[in-house]
Amino acid sequence: MDQQGLPPEAQKLLALALKVYEKNTVPAKVPVSFLEEIGDKAVSISGGWGRGLNFLGDIAVSFIRVITGRSYFRWDDFMLLVKRCGVDTLLLVSLISLLVGMILAFVASIQLKMFGAQIFIADIVGIAMVRVLSAVMTGIIVSGRIGASFAAELGMMQTNEEIDALKTLGVSPVEFLVVPRVLSLVLMMPILTIYADLMAILGGFLISIWMFHLNSVEYINHTQLAVKLSYVWIGLIHSFVFAVIIAIAGCLRGMECERDAAGVGNATTSAVVTAITGLVIATAIITFICQVLGV
């Protein structure tokens, strides 16, 4: 392009415009083979596991610093996070757990009524919900609500360079932002699981009394005999592991967020997917261990 005769200011503007055009020009994609895509995925997954382990180590070190009083811990923010993880999630957990208990009672009655053994609905609902399902359903709810919010908040802070500002001031983002979120979720998840157990048993109780006309006292007695204390502890172990997985997944995806709006959305989606996948894997591992131990 001939720029002779143009004023100097116009030449500068034209040069800047051409630079922007060159920067926004997207190069043509080079075709990648199937094996190369598999290799890239494998490298990406292995790198993700490495980053996750490093992040878990940073959380452990920061947690020790919090316990020993060598870090700045804001109790006001922590109590607000506890409220968000517990009280604000209570209504949704109540609704889902009650409905799951009702559904499980209906499904169990399909076979049990053939033998006139509807009273064993109490055993099925109590054991299934207390041992595994309440923790799993609560974990899925918390993943979609709390884990996604953790990723979105930290992602926006990463986009706005607030995390870089904390590092510049000498404040560890893991100690200041991540540890309170992990502690609040670890504290509230077992409480939510116990509450979900009660609501699920109530759902099965209502269906059994209203639909199948079972004796309420006998239903409660069957539930007490079927649900052992060891089942409650297994459910609490599930909830504790789930809380750690959800909190780490949400915070890690938020800290790794790209600095744009699309990055925040991708981080939120990835946090939920990672958390739910981790819940399923952890449930399978814990169930296998309990089966081997005969618990």
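The values are calculated or read from the model by the stated rules, or taken from the named source; none is laboratory data. Small disclaimer: the values here were computed from a predicted structure and weren't measured. Glycine gets a Cβ as well: all are built from the backbone with ideal geometry, and neighbour counts include every protein chain shown.
A few comments on the model shown:
- Matching residues, segment 188-215, being more than 21 Å from Val107 (Cβ to Cβ) and hydroxyl-bearing (Ser, Thr, Tyr): Thr193, Tyr195
- Looking across Val93, Val66, one residue alone is in contact with a Phe, Trp or Tyr (Cβ under 8 Å, 6 or more places away or on another chain) and over 30 Å from Asn221 (Cβ atoms). It is Val66.
- Cβ pairs under 9 Å, 6+ apart, first in segment 156-177 and basic (Lys, Arg), second not in a loop (DSSP other than H, G, I, E, B): Lys167/Pro173
- Taking first residues from segment 233-256 that are aromatic (Phe, Trp, Tyr) and partners that are buried (at least 24 other Cβ atoms within 10 Å of the Cβ), the Cβ contacts under 8 Å between residues at least 6 apart in sequence or on separate chains come to Phe240/Met189; Phe242/Ala135; Phe242/Thr138; Phe242/Gly139; Phe242/Val142; Phe242/Met189.
- Checking each residue in segment 104-139 for being surrounded by fewer than 18 Cβ atoms within 10 Å (Cβ to Cβ), farther than 18 Å from Thr223 by Cβ and not charged (D, E, K, R) picks out Ile110, Gln111, Met114, Phe115, Gly116.
- Of all residues making up segment 59-103, the number that are crowded, with 19+ Cβ neighbours inside 10 Å and over 23 Å from the mean Cα position of the chain (by Cα): 1
- Test: residue in segment 243-259 that is farther than 26 Å from Glu161 by Cβ and surrounded by fewer than 21 Cβ atoms within 10 Å (Cβ to Cβ): yes
- Matching residues, segment 259-295, being over 25 Å from Ile141 (Cβ atoms) and either in contact with a Ser or Thr (Cβ under 8 Å, 6 or more places away or on another chain) or among the small types (Gly, Ala, Ser) (or both): Arg259, Asp260, Ala261, Ala262, Gly263, Gly294, Val295
Table: residues versus (1) small (Gly, Ala, Ser); (2) more than 23 Å from Met129 (Cβ to Cβ); (3) crowded, with 16+ Cβ neighbours inside 10 Å.
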residue: Ile194; (1), (2), (3): no, no, yes
residue: Val217; (1), (2), (3): no, no, no
residue: Val227; (1), (2), (3): no, no, yes
residue: Ser230; (1), (2), (3): yes, no, no
residue: Thr268; (1), (2), (3): no, yes, yes
residue: Ala271; (1), (2), (3): yes, yes, yes
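- Counting only helices (runs of 4 or more DSSP H) that sit completely within segment 187-295, those holding 1 or more residues that are at pLDDT below 90 and more than 21 Å from Ile119 (Cα to Cα) correspond to 229-255, 261-293.
- Taken over segment 159-180, the criterion of being part of a helix (DSSP H, G or I) and hydroxyl-bearing (Ser, Thr, Tyr) is satisfied by Thr159, Thr168.
- Restricting Ile67, Ile96 to residues that are over 23 Å from Ala271 (Cα atoms), at pLDDT 70 or above and not small (Gly, Ala, Ser) narrows the list to Ile67.
- Scan of segment 245-295 for residues that are small (Gly, Ala, Ser) and either out of contact with any Lys or Arg (no Cβ under 8 Å at 6 or more places or on another chain) or on the phi > 0 side of the Ramachandran plot (or both), ordered by number: Ala249, Gly254, Ala261, Ala262, Gly263, Gly265, Ala275, Gly278, Ala282, Ala284, Gly294
- You will find that of Ser184, Ser143, Ser216, the residue that is among the small types (Gly, Ala, Ser), within 23 Å of Ser94 (Cα to Cα) and free of Cβ contacts under 8 Å to residues at least 24 places away in the same chain is Ser216 and no other.
- Qualifying positions in segment 70-128 - touching a Leu at 6+ places or on another chain (Cβ under 7 Å) and assigned to a loop (DSSP other than H, G, I, E, B): Gly86
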